[in-house]
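Every number here is computed from the coordinates shown, using simple stated rules; none is lab data. Remember, predicted model here, so these are calculated numbers, not experimental data. Here the Cβ positions follow ideal geometry from the backbone for every residue, glycine too, while neighbour counts run over all protein chains shown.
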Amino acid sequence: MSDKIRVRFAPSPTGPLHIGGARSALFNWLFARKRQGDFIVRIEDTDVERSNLVSEEVILEDLKWMGLDWDEGIQVGGEKGPYRQRERLEIYDSYWKRLLEEGKAYYCFCTEEELEEERESLRKKGEMPRYLGKCRDLTQAERDKLREEGRKPVVRFKVTWGETITVEDLIRGRVNFESDGIGDFILVRSDGMPTYNFAVVIDDALMEITHVIRGEEHLSNTPRQMMIYRALGFKMTSFAHISLILGEDRTKMSKRHGATAISQYRKMGYLPEALVNFLALLGWAPEGEREMFTLHELVEEFSLERVSRSAAVFNFRKLNWMNGEYIRESSPERIRDMAIPYLQEEGLVDEKISSQDYQWLKEVIALLQEQLEYVSQVVTHIKVFFGDEIEELSPEGAEMLEDEQARQIVQRFREECIQVESWDKETIKGIFKRIGKELGAGGKKLFQPVRVGLTGTLQGPDLQSLIILLGREKVANRLQNTLHNLTKNTQC
Ligand code: GLU
């Protein structure tokens, strides 16, 4: 057997891919790529009620969107399949039957009420509620009788009491668990479905997974899984548990804090490389101060040694900043193509876009790109390019146009716009120059009234470019409407 690194991501398809799962997948992928190992993706669908194919599809799509590929597993196949747990039931059967035969597991017939009673009495004594093994020593006759009564048993693992189980965690160091605190746990439910703790061990062992890298929430499952490894004589894998992701209030990251599903970020127009870069820094720290890494660079830099034991805090502002940086670095063509569906949904752009509009959109996006944190914001920023009238006049804008000279500038600018022959930056510059001279105004005093007349506000994209892209007609109409509305307002 080779000593090739083999790691896996094993999502349960019961909902979308969340930030935490995506980060686990990413760390596994980086680890595999860095060490020339295999990355395997398989599906843990033994929760029959909650698992569904739609979630499976979405999770796999999200992984691909992030730029992660896998060498073996669902969709791509491999020698150690099938890669969906529900297609592996016979494999699990052979192993739990073996444990039964060897006396390492047993049928348990206790009802939910009996179990609750036991838990309650342990709680009253201040002990950890757990299963104490009541059915461990049932005779065959007793078992037959219970079956005849119609009881459907589960299969439980026989925990050896009085043991200390040590997890040598590659991130957290040595973590001890006392077996006395772990009741005989269920391997197979009464409907024949294996539990997570059991199936995951069979899969990891048979797929020859060398490193199990997953979220900290699974650390308490690890001693149970190690017991099964030992009972079946499997070669033990290495474990690495990545710390939780917290919101900025230091509680576990949840919907309360904001979007937690990768698909939500995708829908909002985050760039995959930005999200991946951001996720990589949640718990992993590169050497030095650098923060921006491509996927390829992350592979170069990544190591489990630099994954932190302490919780990572999800900082939305940082994500938005980082995404903005990636947007600014992207070509306007790419951002335009990403922006079009949002614009279409908003009715700002036709379903079928003319090549002229397509080109125009590129120039508009090039101008707006600077301000975007994520691409769907484009629908707000782009509004300034539509319509013959400004949406509203901001208080500062209104104040500026109270000034007689400011209004004169707007008026003159409009007249000049209609008269000039060409429509380019030089021409616009020339107009401003002429009016400036004529009215004795310069700098902000000259430009800002026109900006307000066109947009209603004092801030926005580069004014000359804005004017060019708006086009002569819209510029003239807007300025006229703004002036007209001003006089209307003063009259009433
Ligand atoms: N299906 C489990 C989960 O999604 C996988 C846990 C593991 O990696 O062992 O949390």
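For Arg334 paired with Glu473, estimate the spin-label separation in nm (one decimal), with each label point 7 Å from Cα along the Cα-to-Cβ line.
Modelled inter-label distance: 3.5 nm.
So how do His241, His218 line up by other beta-carbon neighbours within 10 Å, fewest first?
His218, His241
For Ile353 and Arg290, what does the FRET efficiency come to when R0 = 41 Å and r is the distance between their Cβ atoms, rounded to the nearest 0.05?
Between Ile353 and Arg290 the formula returns 0.55.
Could you tell me whether region 279-438 comes out rounded, prolate or oblate from its Cα gyration tensor? Rule is a ≥ b ≥ c as square roots of the eigenvalues, rounded for a/c under 1.5, then prolate if a/b exceeds b/c, otherwise oblate.
Note, shape of region 279-438 comes out prolate.
Work out the length of the dipole vector of the chain about its Cα centre, built from +1 on the beta-carbon of each Lys and Arg and -1 on the beta-carbon of each Asp and Glu, and round it to the nearest 20 debye. Please report the intermediate quantities before stating the final value.
Details: 70 positive and 83 negative charges, 132 e Å.
Computed about the Cα centre, the dipole is about 640 debye.
So if each residue of separation counts as 0.36 nm, and I subtract the Cα-Cα distance between Glu300 and Asp69, what length gain in nm does that give?
Values: separation 231, 0.36 × 231 = 83.16 nm, distance 1.68 nm.
Computed gain between Glu300 and Asp69 is 81.5 nm.
Residue separation times 0.36 nm, minus the C-alpha to C-alpha distance between Ser422 and Asn485: what's the value?
Extra length available between Ser422 and Asn485 comes to 19.8 nm.
Could you derive backbone 3J(HN,Hα) for region 190-206 from the dihedral phi with the Karplus parameters 6.51, -1.76 and 1.60 (θ = phi - 60°), listing whole Hz in sequence and x where the residue is Gly or Pro?
Per-residue couplings from phi come out as 5, 8, x, 7, x, 7, 3, 4, 7, 4, 5, 5, 4, 5, 4, 5, 5 Hz.
Determine the relative contact order of the chain: mean sequence separation of Cα pairs under 8 Å and six or more apart, normalised by residue count, in whole percent.
Result for the chain is 12 percent.
Provide the net charge surrounding Arg88, with neighbours chosen by a C-beta distance below 12 Å and charges set as Lys +1, Arg +1, Asp -1, Glu -1.
Combined, the nearby Lys, Arg, Asp and Glu give -2.
Calculate the length of the line joining the C-alpha centroid of region 178-233 to that of region 368-382, in whole Å.
47 Å
Rounded to the nearest 10 degrees, what's the angle between the helix 443-455 long axis and the longest principal axis of the chain, both from Cα atoms, 0 to 90?
70 degrees
Sequence-distant or interchain residues sharing an amide H contact under 5 Å with Ser12, placed H: which?
Residues meeting the amide H criterion: Glu44.
Can I get the semi-axes of region 311-384's equivalent ellipsoid? Compute them from the C-alpha gyration tensor as square roots of 5 times the eigenvalues, in angstrom, largest first.
For region 311-384, the semi-axes come out at 26, 13, 10 Å.
Enumerate the whole-percent occupancy of each 5 Å bin, from 0 to the last occupied one, for all C-alpha pair distances of region 345-472.
That works out to 2, 10, 19, 21, 20, 14, 9, 4, 1, 0, in percent per bin.
Using the 10 angstrom Cβ neighbour count as an exposure proxy, how do Tyr326, Tyr92 rank, fewest first?
Ranked by crowding around the Cβ, least crowded first: Tyr326, Tyr92.
Between region 401-453 and region 240-262, how many Å separate their Cα centres?
52 Å
Determine the shape class of region 1-93: with a ≥ b ≥ c the square roots of the Cα gyration tensor eigenvalues, call it rounded for a/c under 1.5, and otherwise prolate if a/b is greater than b/c, oblate otherwise.
oblate
In the neighborhood of Glu56, defined by Cβ-to-Cβ distances under 14 Å, what is the net charge if each Lys or Arg adds +1 and each Asp or Glu adds -1?
Summing Lys and Arg as +1 and Asp and Glu as -1 gives -2.
Of Val48, Gly20, Leu30, which is farthest towards the positive pole of region 1-50's charge dipole, taken about the Cα centre with +1 and -1 on the beta-carbons of Lys, Arg and Asp, Glu respectively?
Towards the positive end, the residue furthest out is Leu30.
Using only DSSP helix segments of four residues or longer, with each worth -39500 (n - 2.57), what per-residue ellipticity at 222 nm results for the chain after dividing by its residue count and rounding to 500?
-14500 deg cm²/dmol
Would you mind computing the Rg to Rh ratio of region 58-195 from its alpha-carbon coordinates, Kirkwood style for Rh?
A ratio of 1.07.
Suppose we look only past 16 Å in the calculated P(r) of region 448-492. What percent of the Cα-Cα pairs does that tail hold?
In whole percent, the long-distance tail amounts to 38.
Rounded, prolate or oblate for region 39-100? Axes are the square roots of the Cα gyration tensor eigenvalues, ordered a ≥ b ≥ c, and the cut-off for rounded is a/c under 1.5.
Since a/c reaches 1.5 but b/c is at least a/b, the shape of region 39-100 is classed as oblate.
Expected output is a single nm value to one decimal: the length gained when fully extending between Asn221 and Arg130, i.e. 0.36 nm times separation in residues minus the C-alpha distance. What is it?
Residue separation times 0.36 nm, minus the Cα-Cα distance, leaves 31.3 nm.
Evaluate the charge dipole of region 203-310 about its Cα centre and quote only its size in Debye, nearest 20, assuming +1 on the Cβ of each Lys and Arg and -1 on the Cβ of each Asp and Glu. Don't skip to the answer; put the middle values down first.
On the way: 13 positive and 15 negative charges, 128 e Å.
Once rounded to the nearest 20, the dipole reads 620 debye.
Calculate the dipole size of region 90-227 relative to its Cα centre from +1 charges on Lys and Arg beta carbons and -1 charges on Asp and Glu beta carbons; express the result in debye to the nearest 20.
180 debye
Given Cα positions, please report Rg to Rh for region 5-57, the hydrodynamic radius being the Kirkwood one.
1.04
With the cut-off at 32 Å, report for the chain the share of all Cα pairs above it, as a whole percent.
Percent of Cα pairs beyond 32 Å in the chain: 57.
For region 224-296, max minus min Cα coordinate along each principal axis, in Å, sorted largest first?
In descending order, the Cα extents are 48, 32, 24 Å.
To the nearest 10 degrees, how steeply does helix 404-419 sit against the main Cα axis of the chain, on a 0 to 90 scale?
The angle comes out at about 90 degrees.
Given H placed on each backbone N at 1.01 Å, which residues far from Ile242 in sequence or on other chains put an amide H within less than 5 Å of it?
Those lying under 5 Å, H to H, from Ile242 are Arg214, Gly215, Glu216.
Please determine, in degrees from 0 to 90 and to the nearest 10, the orientation of helix 222-232 with respect to the longest principal axis defined by the Cα atoms of the chain, where the helix direction is its Cα long axis.
That helix lies at roughly 40 degrees to the long axis.
What number, in percent, do you get for the relative contact order of region 212-301 if the mean sequence gap of Cα pairs under 8 Å and at least 6 apart is divided by its residue count?
Computed value for region 212-301: 22 percent relative contact order.
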